[in-house]
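What follows is a single structure, written as structure tokens, with notes after it.
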Amino acid sequence: MYETHGRIKVKTTAEQQEAKRKEREKKLKLYNAGTEAVFLKRRNKEFDEEGLKLSGEILAVNPDIYSFWNFRREIFIHLRDKREEAELQKVFVDELHFLEACLKVNPKSYGAWHHRCFVMDAIPEPDWVRELQLCNAFLNLDERNFHCWDYRRHVVLCSNVNLEEELQYTTQKIQSNFSNYSSWHYRSKLLPVIHPDSNHPVAVQEDVLLKEFEVVQNAVFTDPDDQSAWFYQRWLLGRGKKKLQICCVHISRDLQRIVVLLSRPVMMGQGHSLTVSINSTPVKGKWRTITRSGMYSTLWVLDLSDQCLPVDSEAAVTVTLLDDRYCTKFSEGLHLMPNQEETWAVAEFKQGTRFSTELSAAASSTMVQELDSIRELHSVEPDNKWVLLTMVHLMKATDPEHTKYDTELEESFNKLVAVDAMRKSYYKDLRSRFMIESVLESHDSKVRDVKLCQQGLTCLYHTDWMVLVNSLDLSQNSLTSIKGLSDLQCLRSLNLDSNQLADLKGLGCCRRLTDLSVKNNLIRHVEVFEELRTCVYLKKLSVAGNPVCAIEDYVTRICAVNKTLQSVDERDSS
């Protein structure tokens with residue numbers, strides 16, 4: 001409004017919009033000019049107080065420009081070598097006050113919280129008590145501000161805060177709001193430090209861990225639809241990190257190589273190493289993964305020279321795993337007799353503990369009680385996906401071999417797919433994992449044939465544990481990928497009939513393969529079979545029922561790929 005000839009005139013909507021547009025343009029020009037000035041000073045490496053002033057003016061309005069926070073950090077590092085300690089203390093205290101103002105503009109600014117960590121690490125006399133109070137204030141405003149929770153952990157790590165009091169703080173926050181995921185997460189970080197147990201899968205004393213189920217139960221019965229407590233319960237049920245050891249060693253004389261299976265993935269040279277001696281003589285060589293990638297792996301291969309395992313000589317082979325972190329050593333000794341093609345050794349595992357940890361009597365009892373409680377909740381909330389999924393995991397934890405809850409597990413998975421169709425693939429894959437674990441848990445390692453046909457599998461798990469398998473039947477499933485089969489270094493016969501495969505990626509590493517059947521899949525291109533070029537022992541290939549065109553060229557192309565093929569069956573099985 002403005003006055004003309006003594007009368008008040010109200011601006012029209014068009015005039016208001018034009019005035020706002022001009023104001024925005026003016027602010028934008030100032031903002032862009034200030035931003036460009038800061039970038040110019042950084043390019044010129046002008047680390048001075050003017051740089052602090054200019055970047056501060058922009059950050060006060062928009063604290064999410066992380067490059068400006070980095071510029072300020074560079075200025076402070078530059079000033080640190082030129083100022084007295086008392087002067088530095090004042091500069092950093094001022095920066096902390098400036099940061100508080102920025103965090104009021106955006107309490108979830110990644111750059112502001114990260115920069116505050118730098119300032120507190122660099123300040124000569126940090127006041128950690130005040131920082132903890134600051135965290136309390138921000139968490140009172142928004143108890144689920146995970147940026148502040150992260151910063152709080154940094155404060156606690158750098159100061160002498162009582163961890164028991166921190167655990168009690170998480171309890172208070174959880175009790176005021178069960179949906180506080182950050183508080184549950186912080187709790188999972190505190191417990192292994194306050195009540196450590198290196199022998200437990202989640203590194204927490206069992207009696208303390210079992211009491212946590214009561215805390216979770218209160219939360220899930222109060223609000224079954226909130227996911228925070230359910231995720232925490234999943235952590236309580238977690239498998240944890242297995243003890244590193246050699247699980248299997250396979251030695252092949254004709255392929256001149258040694259394959260080692262470890263209990264968990266490692267990267268050779270990163271604190272872990274494998275050594276081999278044959279007849280007490282060290283063998284030199286570089287260990288590689290199956291696919292020759294420089295990744296973490298449970299399976300490691302050593303290619304030997306032709307002279308290492310002569311056909312007519314006995315060989316005493318010792319494989320040793322060194323773990324630098326814990327200064328431990330695991331050795332496995334094997335004998336390869338003259339003219340013997342292969343030999344192997346497999347570590348002994350108690351039934352049901354290959355993929356999960358053996359439960360104590362107290363833990364087993366608590367799990368059963370927890371399952372009964374969740375079943376009770378299920379009777380009230382029959383369509384709640386979190387209730388159903390937790391039932392599935394509890395049944396798996398209490399019965400890893402699938403001997404007690406087979407029918408109930410199947411019904412639960414079917415119900416999950418029905419009530420949460422958007423995640424049906426996840427549930428089907430989880431079911432596949434459980435099915436494969438059940439078969440492998442009960443499988444005798446001396447029997448090298450595995451049948452996983454008609455199991456409704458949608459993906460493959462634990463293929464590294466099938467490294468000794470000679471014959472594998474995966475027919476009549478719903479597999480779309482078989483990449484994991486590259487782990488099966490002893491595989492000779494493979495049945496993949498009646499799946500949903502469009503390619504054969506992964507089979508190229510199965511060099512011993514002699515018999516392959518891929519009938520009734522979705523293979524459309526002859527180039528798919530070029531994957532088999534390295535399968536030098538392949539003799540029989542069955543391909544009927546695939547929607548590939550030009551059947552004659554198809555057969556010719558397959559035979560051209562591998563000269564050892566004696567039989568290619570492209571007849572329609574119907």
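Tabulated results
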quantity	calculated
Any chance Ser188 is over 24 Å from Arg130 (Cβ atoms), surrounded by 13 or more Cβ atoms within 10 Å (Cβ to Cβ) and among the small types (Gly, Ala, Ser)	yes
Number of the exception - Gly111 against (1) over 20 Å from Ala60 (Cα atoms); (2) surrounded by 14 or more Cβ atoms within 10 Å (Cβ to Cβ)	(1)
Qualifying position, being surrounded by 16 or more Cβ atoms within 10 Å (Cβ to Cβ), modelled with pLDDT of 90 or more and more than 26 Å from Leu28 (Cβ to Cβ), among Leu88, Leu59, Leu54	Leu88
Breaking point among (1) within 28 Å of the chain's Cα centre (by Cα); (2) closer than 22 Å to Cys117 by Cα; (3) not charged (D, E, K, R), for Leu191	(2)
Candidates Asn136, Asn145, Asn162, Asn140, filtered to the one that is within 30 Å of Ala219 (Cα to Cα) and buried (at least 16 other Cβ atoms within 10 Å of the Cβ)	Asn145
Enumeration of residues in segment 244-286 that are within 17 Å of Asp464 (Cα to Cα) and among the charged types (D, E, K, R)	Arg257, Arg264
Filter result for Leu504 (surrounded by 16 or more Cβ atoms within 10 Å (Cβ to Cβ) and out of contact with any Phe, Trp or Tyr (no Cβ under 9 Å at 6 or more places or on another chain))	no
Residue count for segment 523-542, restricted to those that are surrounded by 16 or more Cβ atoms within 10 Å (Cβ to Cβ), farther than 15 Å from Leu472 by Cβ and out of contact with any Asp or Glu (no Cβ under 9 Å at 6 or more places or on another chain)	3
Strands (runs of 3 or more DSSP E) wholly inside segment 258-325 that include at least 1 residues being touching a residue at least 40 places away in the same chain (Cβ under 8 Å) and polar (S, T, N, Q)	272-278, 297-303, 315-323
Residue match in segment 28-36 (condition: assigned to a helix (DSSP H, G or I), among the aromatic types (Phe, Trp, Tyr), modelled with pLDDT of 90 or more and surrounded by 11 or more Cβ atoms within 10 Å (Cβ to Cβ))	no
Qualifying residue in segment 374-386 (condition: more than 20 Å from Gln351 (Cβ to Cβ), open to solvent by less than 30 Å² (accessible area, probe 1.4 Å) and among the β-branched types (Val, Ile, Thr))	yes
Test set (1) touching a Lys or Arg at 6+ places or on another chain (Cβ under 8 Å); (2) open to solvent by 30 Å² or more (accessible area, probe 1.4 Å); (3) not in a helix (DSSP H, G or I) - Val417 fails condition number	(3)
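The values are calculated or read from the model by the stated rules, or taken from the named source; none is laboratory data. Owing to the predicted nature of the structure, the values given are computational and were not obtained by experimental measurement. Here the Cβ is made from the backbone with ideal geometry for all residues, glycine too, and neighbour counts use every protein chain on show. To get the accessible areas, we keep the full protein, side chains included, count just its heavy atoms, and leave off ligands, DNA and RNA. Shrake-Rupley method; radii C 1.70, N 1.55, O 1.52, S 1.80 Å.
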